[in-house]
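The values are calculated or read from the model by the stated rules, or taken from the named source; none is laboratory data. Note that the coordinates shown come from a computational prediction; the quantities given were computed from them, not determined experimentally. Cβ atoms come from the backbone with ideal geometry, glycine included; neighbour counts cover every protein chain shown.
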Amino acid sequence: MDNKTLYIKNMVCDRCKMAVQQVLDKNALPYTSVELGEVELAQPLNTEQLSKFKEDIETIGFELIEDKTSKIISSIKTSVIDFVRNSDESRKLKLSVYLAEQLGKDYNYLSSLFSSIEGTTIEQYFIHQKIELVKELIVYDELSLSEIAYKTGYSSIQHLSNQFKKVTGLTPTHFKQVKENRRKPLDQV
């Protein structure tokens, strides 16, 4: 394993990046960048440093990924989350093209690997991530359903509503009326 690049499971937001940076700083581990799911270190870690870092990130809900397949699956998930949350990108490229470019691998290979390991397709994972973003935006109550549909890349409110109901069992309007929080953490989608 290249101890200069670390792959970390469950990093799904900017707060996750900050939490990992705090662990790096606490352990005086110099790094060049911290991105979703990946840390570039300034220098390789010795076994003791790696063990301590692994232990520290596990206490805050993250996991060091050490095998190749898990790294690829984690990278796919991170890239899908990034794609969903970066609405400008999702209007310029198809998801398959975006993933192939981001990961430097053929999309058919990525899709097949993801399905065999996760038991679902990349497309289904993508749809669930979009629905979680829609839930978040509905809960915030700052945008109309039309604006949410546009922001999340749906062609119409009807398309959004149909997919939302298929995934959640509720219409977006009914979801908004239900006061209990039905959102899931992104790493559990």
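Looking at Gln158 and the list (1) assigned to a helix (DSSP H, G or I); (2) touching a Leu at 6+ places or on another chain (Cβ under 9 Å), which single condition is not satisfied?
Failing condition for Gln158: (2).
Being surrounded by 18 or more Cβ atoms within 10 Å (Cβ to Cβ), over 15 Å from the mean Cα position of the chain (by Cα) and either under 25 Å from Ser74 (Cβ atoms) or among the hydrophobic types (A, V, I, L, M, F, W, C) (or both) is true for just one of Ile148, Ile131, Ile122, Ile117. Which residue is that? Show your work before the answer.
Numbers: Ile131 fails: over 15 Å from the mean Cα position of the chain (by Cα); Ile122 fails: over 15 Å from the mean Cα position of the chain (by Cα); Ile117 fails: surrounded by 18 or more Cβ atoms within 10 Å (Cβ to Cβ).
None of the other options fit; the residue is Ile148.
Could you list, in sequence order, all residues of the stretch 1-59 that are basic (Lys, Arg) and not in a helix (DSSP H, G or I)? Lay out the reasoning, then the answer.
Of the residues in the stretch 1-59, the ones basic (Lys, Arg) are 4, 9, 15, 17, 26, 52, 54.
The answer is Lys4, Lys9.
Taking the stretch 134-145 only, how many residues are in contact (Cβ under 8 Å) with a residue 24 or more places away in the chain and surrounded by 12 or more Cβ atoms within 10 Å (Cβ to Cβ)?
Count: 6.
Within the stretch 33-52, is even one residue touching a Cys at 6+ places or on another chain (Cβ under 8 Å), closer than 29 Å to Leu110 by Cα and modelled with pLDDT under 90?
Of all residues in the stretch 33-52, those touching a Cys at 6+ places or on another chain (Cβ under 8 Å) come to 36.
When the remaining residues are screened for being closer than 29 Å to Leu110 by Cα, the result is 36.
Keeping just the survivors that are modelled with pLDDT under 90 gives 36.
Yes - at least one qualifying residue is present in the stretch 33-52.
Mind listing just one residue for me: the one in the stretch 1-30 that is charged (D, E, K, R) and surrounded by 14 or more Cβ atoms within 10 Å (Cβ to Cβ) and, of those, modelled with the lowest pLDDT?
If we filter the stretch 1-30 for residues that are charged (D, E, K, R), which is where we start, we get 2, 4, 9, 14-15, 17, 25-26.
With the extra rule that they be surrounded by 14 or more Cβ atoms within 10 Å (Cβ to Cβ), the set shrinks to 4, 9, 17.
Details: Lys4: 83, Lys9: 86, Lys17: 90.
My answer is Lys4.
I'd like to know if the stretch 31-53 contains one or more residues that are surrounded by 19 or more Cβ atoms within 10 Å (Cβ to Cβ) and within 28 Å of Ala149 (Cα to Cα).
yes
Only one of Asp88, Asp67 is within 27 Å of Val134 (Cβ to Cβ) and either surrounded by fewer than 19 Cβ atoms within 10 Å (Cβ to Cβ) or modelled with pLDDT under 90 (or both). Can you tell me which? Write out each step before concluding.
Working: Asp67 fails: within 27 Å of Val134 (Cβ to Cβ).
After ruling out the rest, the residue left standing is Asp88.
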